[in-house]
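Since the structure comes first, as C-alpha cells, the remarks are kept for the end.
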Amino acid sequence: MRIDVLSIFPSYFDGLTLSLLGRARGAGILQLQVHDLRDWTSDRHRTVDDTPYGGGAGMVMKPEPWALALDDVTRDSARPTIVFPSPAGERFTQATARDLSTREHLVFGCGRYEGIDERVFDYAAELGEVRLISLGDYVLNGGEVATMAMIEAIGRLVPGVVGNPESLVEESHEDGLLEYPSYTKPSIWRDRAVPEVLLSGNHARIAQWRRDQQIERTRLRRPDLLPDGDA
Ligand code: 6GU
C-alpha cells in the first residue's frame, strides 16, 4: 500500500515512522510519504491561505497549491483514494478502516484554518475517489491528528503489518461488541483476584464467560452498538 500525506505541518507525522507502522515501512509493505503543502506554492511567503469570499472569521486554504500537490502525488496512480479529514465528513469506523485497507493508494489532504476552498474537492474527484471523513462529533484544529489516527487504524489491517492476524479478530469493534477484560499474573494482586473461570482450564466456559462480558460491557458503555440499543 502506498500512502501520501499532504500537510503544512509534516513534522506531526514523525511519530508514525516509529513502532509497528515503522517496521512495516522498512519491510516494504507500507510506503508512506509525508509532503509539505507549501512545496507547491510559488510566492516568497509560501502562502497557502487567504480571506473567505463572503466574509467571516478565519482563513480558507487556497486551491492552487492543493491542485498542484494532488496532480503530483497522483501522477503515477491508476485510481487513488483521496481522503480529506473533516468534521463535516462521514463517520470513520472499523468498517471504513477495513474498506480503506484494501486500497492500493491513499492520499490524505490535511486542511487547516477554517477549511479548504470547496473547488478542491470537485477537482480531486477528477483524479480519484474522494472521501470526506470525520473521526467523531468534536472539532480538531486540523486534519493532521485525525489522519494519524486513520493511518494507524488502516495500516494495522494491511496484511503483514500486525504480526499475529488472530489478534486483529478478537478486538473491540471487529465483531460489533467491545472487547472482553484481560488479566495476567499474579492471580491475586493487592487483594484483587482474577475471575476464577479464567484459571479453570475449561475453554468452553472461558469462551462463554468472555462472550457474556462483551455483551454486558457493550450494554453498559455502548448500548448504541447493540441491535435494540437506539442512539
Ligand atoms: Cl477528521 N478533522 C477535524 N478538523 N476535526 C475533526 C475531525 C477531523 N474529526 C473529528 N473532528
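What follows draws every value from the coordinates through simple rules; no lab data is involved. No experiment lies behind these values; they were computed from the predicted model shown. Because the Cβ atoms are built from the backbone with ideal geometry, glycine has one as well, and the counts that use them run over all protein chains shown.
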Of P63, P181, P159, the one that fluctuates the most in a GNM where the chain has Cα springs shorter than 10 Å: P181
Residues whose placed amide H lies under 5 Å from that of V130, excluding near-sequence neighbours: I82
Are there chymotrypsin sites (Phe, Trp or Tyr not before Pro) in the range 129-231 that DSSP marks as loop and that have at most 16 other Cβ atoms within 10 Å, and which are they? Y138, Y183
For the pair N141 and H35, the simple spin-label estimate (label points 7 Å beyond Cα toward Cβ) gives in nm 2.5 nm
Please list, in chain and number order, the residues 5+ apart from D4 or on another chain whose amide H is under 5 Å from its amide H, with Hs placed from the backbone. Q33, L106, V107, F108
Given R₀ = 41 Å, FRET efficiency for V162-H45 by Cβ-Cβ distance, to 0.05? 0.40
Calc'd 3J(HN,Hα), the range 113-125, phi into Karplus 6.51 cos²θ - 1.76 cosθ + 1.60 (θ = phi - 60°), Hz, glycine/Pro = x, comes to 6, 8, x, 10, 3, 4, 5, 4, 5, 4, 5, 4, 5
Say a paramagnetic label sat at a point 7 Å from the Cα of A27, along Cα to Cβ; which residues of the range 135-170 have their backbone N under 17 Å from it? 152-169
Treat the count of other C-beta atoms within 10 Å as a stand-in for reagent exposure and order I116, I8 from fewest to most. I8, I116
Label-point separation, D224 to D14 (7 Å along Cα→Cβ), nm: 3.6 nm
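Starting from 0.36 nm per residue, how many nanometres of slack lie between Y183 and L132 once their C-alpha separation is accounted for?
The Y183-L132 span can extend by a further 14.5 nm.
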Quick query: amide H of I116 versus all other amide H atoms, modeled in the peptide plane; which residues come in under 5 Å with a sequence gap of 5 or more or a different chain? M61
Given the options L177, L127, L135, which has the most mean-square fluctuation in a GNM of the chain, springs set between C-alpha atoms less than 10 angstrom apart? L177
Highest-MSF residue in the chain out of G15, G115, G201 [GNM, Cα springs under 10 Å]: G201
Percent antiparallel among DSSP beta bridges with both residues in the chain, to the nearest 5? 15 percent
Calculate the length of the line joining the C-alpha centroid of the range 77-92 to that of the range 40-73, in whole Å. 19 Å
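Kindly state, to the nearest 0.05, the FRET efficiency for A125 paired with R217, given R0 = 35 Å and r defined as their beta-carbon distance.
Efficiency for this residue pair is about 0.30.
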